[in-house]
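**Student:** Okay, handing you the structure first.
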Amino acid sequence: MTLVGGRYSRPKPSSMGTYLKTPQLRVLSGWTLIPFKMKFVLSLGRYFVWRRRYPLFHPAALRSLAKGKKLAIPKHVRFGRHYYGPVLRVPRWPSAAYDRMVAGGGLNLEAAGTSAKKHIDSAVLAITRRCPYACRHCYEGLNLGVDEEVPIPCWKETIRELQAWGTSVIVLSGGEPMLRQDGLLELLESGDKGLSDFHVHTSGFGVTPKIAKDLKDAGLAAAGIALDVADPEGQDRIRGTPGSFARSIQAIRCFREAGIFPYINMCLSRETARAGELRRFLEFAKTAGAGVVSMSEPKPCGRFLGKEANDLFLPSDRNEVVRFFKKANSGRETRHLPYVAYPSFSERPDRFGCLMGGLSHLAVDSRGRVLPCVFVPVSFGSILEDSFTSILQAMRNAVPGPSRHECPSLRMSGILRDGMRRGFPLPIPYREIQSEWRDLIAGVSPESSRKFDYPAG
């Protein structure tokens, strides 16, 4: 008997006459986390001994994080023989990809932008422009269309270069990646799973047990499924399509039964920021079978570009989410519930700062433009025209270290809205707004920047 969707069900026989085994998913906290911590600490010894293989492993970096309480690990999630958490940009442990992350300085979290942390934590690749939904908050919404612009061989080369740079987690997204299923499988099969973990971000559209099995066989480690509320009608309104809620629930079940770690990607709203709603959603996520709920704040980009930041999310809403985030991961009454990931908390100015631009994460949109973050539509070049490596080097020069100011997507929103009203193309080419960008990095108020005035074309 296995736990599926909160209920016990008997495994079904496969065509070979044996039983399909669904890996057990278990949330570890409190005393149940102690065996994992002991195993992990013991495993650090080989990194210390094999100095040639792991030259950037520095135990002092971990001690500094623990002393400063920047990296609390109140929960982990075990799925089969692997552990996930507390950050989805980190590969599952134990794995070859995790070891490679350590070799690239991935545990030196406070050293982003220096030679002590060379690798990229995660890259989101929007491999298709097609999507059957009309999600109100879609950051890729202005790029969606019917015709593909980036061929699969170009995506393959980009993945090869990302892995050469030491990217830990490569996320294949869209649009809806299931609408480019053959290409999705081809990309997974071509990638080196010993170098990176591969995730997919999906609405759940088109996911079936067979497709999930094919993705697992191709090397998919984890899947983030879009869900924002525990109410079917409310979810369908947010996604703009009837049946979206049911498809997401089915996708979680299909991925989990195929042996792919399932987590939920949740876009917050002012309504769901209320503590009661968040707690209810977390309990629902456990019943649905997810191991982690990753919460993102709504940003004034994509289909929300015309919105003011305070129309989407207030500081008081953020404070409410922070309180819930801490309680959900550390409270005794929530210890059995999924881990809550909240990147906006770890990237606050008083913690790690914003780690866009390849310091930790970056994105390539569905038209091939390389962006510092999915929420910051500023293009540093196109993979259709230049090598990814040359684009990344230019981005790294423009983002030399963590930004310890307000979220760049919020500070850029006024310039972006002005350009959109005047009919200028987005994303903005970096070369056209270098002075504004320098102000952004320096923390200068956006009101002092010149207005958006580069020529369309």
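**Student:** Determine, yes or no, whether S248 is hydroxyl-bearing (S, T, Y) and either under 30 Å from G357 (Cβ atoms) or assigned to a strand (DSSP E or B) (or both).
**Tutor:** Judged against the criteria, S248 is not a match.
**Student:** Taking V229 as the residue in question, decide whether it is of a type in the set (V, I, T), open to solvent by 20 Å² or more (accessible area, probe 1.4 Å) and within 22 Å of A341 (Cα to Cα). Please lay out each step first, then the result.
**Tutor:** Numbers: of a type in the set (V, I, T): yes; open to solvent by 20 Å² or more (accessible area, probe 1.4 Å): yes; within 22 Å of A341 (Cα to Cα): yes.
Answer is yes for this residue.
**Student:** Follow-up question, since we're still on this one. Answer yes or no: is there a residue in the stretch 232-242 that is buried (at least 21 other Cβ atoms within 10 Å of the Cβ), more than 30 Å from I120 (Cα to Cα) and of a type outside the set (A, V, I, L, M).
**Tutor:** Looking through the stretch 232-242, at least one residue is buried (at least 21 other Cβ atoms within 10 Å of the Cβ), more than 30 Å from I120 (Cα to Cα) and of a type outside the set (A, V, I, L, M).
**Student:** To continue, here is another question. Any idea how many residues of the stretch 380-420 are under 27 Å from P315 (Cα atoms) and of a type outside the set (S, T, Y)?
**Tutor:** So the count comes out to 18.
**Student:** Any residue at all in the stretch 219-230 that is part of a helix (DSSP H, G or I) and in contact with a Gly (Cβ under 9 Å, 6 or more places away or on another chain)?
**Tutor:** no
**Student:** Assess whether F198 counts as being at pLDDT 95 or above, hydrophobic (A, V, I, L, M, F, W, C), open to solvent by 20 Å² or more (accessible area, probe 1.4 Å) and not in a helix (DSSP H, G or I). Working first, answer last.
**Tutor:** Details: at pLDDT 95 or above: yes; hydrophobic (A, V, I, L, M, F, W, C): yes; open to solvent by 20 Å² or more (accessible area, probe 1.4 Å): no; not in a helix (DSSP H, G or I): yes.
So F198 fails the test.
**Student:** From F345, F261, which residue is under 30 Å from G30 (Cβ atoms), of a type in the set (F, W, Y) and surrounded by fewer than 22 Cβ atoms within 10 Å (Cβ to Cβ)?
**Tutor:** Criteria check complete, one pass: F345.
**Student:** If you don't mind, there's one more thing I want to ask. Loosely packed, with under 15 Cβ neighbours inside 10 Å, in contact (Cβ under 8 Å) with a residue 24 or more places away in the chain and of a type outside the set (V, I, T), is that true of R279? Working first, answer last.
**Tutor:** On the way: loosely packed, with under 15 Cβ neighbours inside 10 Å: no; in contact (Cβ under 8 Å) with a residue 24 or more places away in the chain: yes; of a type outside the set (V, I, T): yes.
For R279, the condition - loosely packed, with under 15 Cβ neighbours inside 10 Å, in contact (Cβ under 8 Å) with a residue 24 or more places away in the chain and of a type outside the set (V, I, T) - is not met.
**Student:** Which residue is surrounded by the most Cβ atoms within 10 Å (Cβ to Cβ), if the candidates are limited to the stretch 157-175 and must be touching a residue at least 40 places away in the same chain (Cβ under 8 Å) and among the hydrophobic types (A, V, I, L, M, F, W, C)?
**Tutor:** So the residue we want is L172.
**Student:** In the stretch 200-221, what residues are among the basic types (K, R) and over 20 Å from the mean Cα position of the chain (by Cα)?
**Tutor:** Result: K210, K213.
**Student:** Which one of R247, R237 is under 23 Å from A273 (Cβ atoms), free of Cβ contacts under 8 Å to residues at least 60 places away in the same chain and basic (K, R)?
**Tutor:** From the options R247, R237, the qualifying one is R237.
**Student:** Right, something else. Select from the stretch 27-36 the residues that are outside any strand (DSSP E or B) and either without any contact (Cβ under 8 Å) to a residue 24 or more places away in the chain or surrounded by 15 or more Cβ atoms within 10 Å (Cβ to Cβ) (or both) and list them in ascending order.
**Tutor:** Within the stretch 27-36, W31, T32, L33, I34, P35, F36 qualify.
**Student:** Kindly indicate whether any position in the stretch 215-233 is within 18 Å of T128 (Cβ to Cβ) and in contact with an Asp or Glu (Cβ under 8 Å, 6 or more places away or on another chain). Break it down stepwise before answering.
**Tutor:** Within the stretch 215-233, the first condition is being within 18 Å of T128 (Cβ to Cβ), and the residues that meet it are 215, 218, 220, 223-226.
Narrowing further to those that are in contact with an Asp or Glu (Cβ under 8 Å, 6 or more places away or on another chain): 218.
The answer is yes, given that some residue of the stretch 215-233 is within 18 Å of T128 (Cβ to Cβ) and in contact with an Asp or Glu (Cβ under 8 Å, 6 or more places away or on another chain).
**Student:** Checking the condition over 25 Å from H336 (Cβ atoms), small (G, A, S) and at pLDDT 90 or above, which residue from G68, G45 passes?
**Tutor:** Checking each option against the conditions leaves just G45.
**Student:** Sort out which residues of the stretch 124-156 are open to solvent by less than 60 Å² (accessible area, probe 1.4 Å) and outside any loop (DSSP other than H, G, I, E, B), and write them in order of number.
**Tutor:** Once the filter is applied, which keeps residues that are open to solvent by less than 60 Å² (accessible area, probe 1.4 Å) and outside any loop (DSSP other than H, G, I, E, B), the stretch 124-156 yields V124, L125, A126, I152, C154, W155.
The values are calculated or read from the model by the stated rules, or taken from the named source; none is laboratory data. Keep in mind the model is a prediction, meaning the values are calculated, not measured. Glycine gets a Cβ as well: all are built from the backbone with ideal geometry, and neighbour counts include every protein chain shown. Just so you know, the surface numbers come from the protein's heavy atoms only, side chains and all, with ligands and any DNA or RNA stripped out. Shrake-Rupley method; radii C 1.70, N 1.55, O 1.52, S 1.80 Å.
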